[in-house]
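Reading through the structure tokens given below for one structure.
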Amino acid sequence: MNKYKWVVCHKGQGYLIQNEIKERYKTNFNIDSVGTILDEDDVDYTIWLIGSNSCWSVNKADVNEIDVIKTGDKFDYKICNVCHCLKPIENYDKNQNNLHGVVRRPSCKKCRTNIDKRPPRTKQAKEMEKMKPKKGEPFQCPICTKRSIVGVTAKIVADHDHHTGNIRDFICDSCNTGLGRFKNGENYLMNAVNYIKEKDTLKH
């Protein structure tokens, strides 16, 4: 049985709690934010919102308990994996179909807009695009070092620096997806490396 009592805060209003001190004035957070109840009194819940990693005092009348297991592609509502708000399933773009039906993107349309933002193409990017390996040419990915035939045994894509818009290099589509999973951030990649090192050390 799940020991966490998950709730959705419909109005997106409450009193922020920092260092166990509740602010004097009510402020706003994302409407329909999902969180867990930490404490309660006769009027309010103290709720930890997972999306913002913050604690709020929220009026009980503005809160409804939810079963998070009964959200997702097979249900009418889904929790965004970025903002962690409960939204109707129509707020998520279709990604693909499988034997069980439609699979939608894990991030809502609003968050996808921010994720997909990219700076305008730079002069460097335009020049680099002229150097993209041609279909049928041999290619070795600088990350995984796997050899392939461009456009035949692997798709080769430009790896953009999402801060500058410049192209860093051309890599295979698999590695590009991997970088995307790590949010194209050095800190996340280093966390992964340190995690593997730490866990491998514990085995010996």
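The values are calculated or read from the model by the stated rules, or taken from the named source; none is laboratory data. Source: prediction; values computed, not measured. We place every Cβ from the backbone using ideal geometry, glycine too, and count neighbours over all the protein chains shown.
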Restricting attention to the stretch 158-170, does a residue exist that is in a loop (DSSP other than H, G, I, E, B), among the aliphatic types (A, V, I, L, M) and either modelled with pLDDT of 85 or more or farther than 30 Å from Asn64 by Cβ (or both)? no
Has the stretch 61-79 got at least one residue that is assigned by TED's automatic domain parsing to the domain that holds Gln18, aliphatic (A, V, I, L, M) and without any contact (Cβ under 8 Å) to a residue 24 or more places away in the chain? yes
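Rundown of residues vs (1) under 29 Å from Phe182 (Cβ atoms); (2) assigned by TED's automatic domain parsing to the domain that holds Phe182; (3) touching a Ser or Thr at 6+ places or on another chain (Cβ under 9 Å); (4) assigned to a strand (DSSP E or B), yes/no style:
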position	(1), (2), (3), (4)
Asn30	yes, no, yes, no
Asp42	no, no, no, no
Trp48	yes, no, yes, yes
Ser52	yes, no, yes, no
Val58	no, no, yes, yes
Glu90	no, no, no, no
Please determine whether any residue of the stretch 28-42 is surrounded by 17 or more Cβ atoms within 10 Å (Cβ to Cβ), charged (D, E, K, R) and closer than 17 Å to Asn81 by Cβ. yes
Among the residues of the stretch 79-101, which ones are aliphatic (A, V, I, L, M), within 29 Å of Ser52 (Cα to Cα) and either in contact with a strand residue (DSSP E or B) (Cβ under 8 Å, 6 or more places away or on another chain) or surrounded by fewer than 14 Cβ atoms within 10 Å (Cβ to Cβ) (or both)? Ile79, Leu86, Ile89
Kindly list, by first and then second residue, each pair from a residue in the stretch 173-199 that is among the acidic types (Asp, Glu) to a residue that is assigned to a loop (DSSP other than H, G, I, E, B), limited to pairs with Cβ atoms under 7 Å and residues at least 6 apart or on different chains. Asp173/Lys155
Residue check: is Thr145 β-branched (Val, Ile, Thr) and farther than 23 Å from Asn81 by Cα? yes
Is it the case that Ala158 is in contact with an Asp or Glu (Cβ under 7 Å, 6 or more places away or on another chain) and not assigned by TED's automatic domain parsing to the domain that holds Phe75? yes
Among the residues of the stretch 1-27, write down those that are among the hydroxyl-bearing types (Ser, Thr, Tyr) and surrounded by 14 or more Cβ atoms within 10 Å (Cβ to Cβ). Tyr15
Looking only at residues in the stretch 128-157 that are part of a strand (DSSP E or B) and among the β-branched types (Val, Ile, Thr), which one is farthest from the chain's Cα centre (by Cα)? Ile149
Given the conditions (1) part of a loop (DSSP other than H, G, I, E, B); (2) touching a Gly at 6+ places or on another chain (Cβ under 7 Å), which single one is not true for Ala125? (1)
From the list Gln124, Gln140, which residue is loosely packed, with under 13 Cβ neighbours inside 10 Å, out of contact with any helix residue (DSSP H, G or I) (no Cβ under 7 Å at 6 or more places or on another chain) and of a type in the set (S, T, N, Q)? Gln140
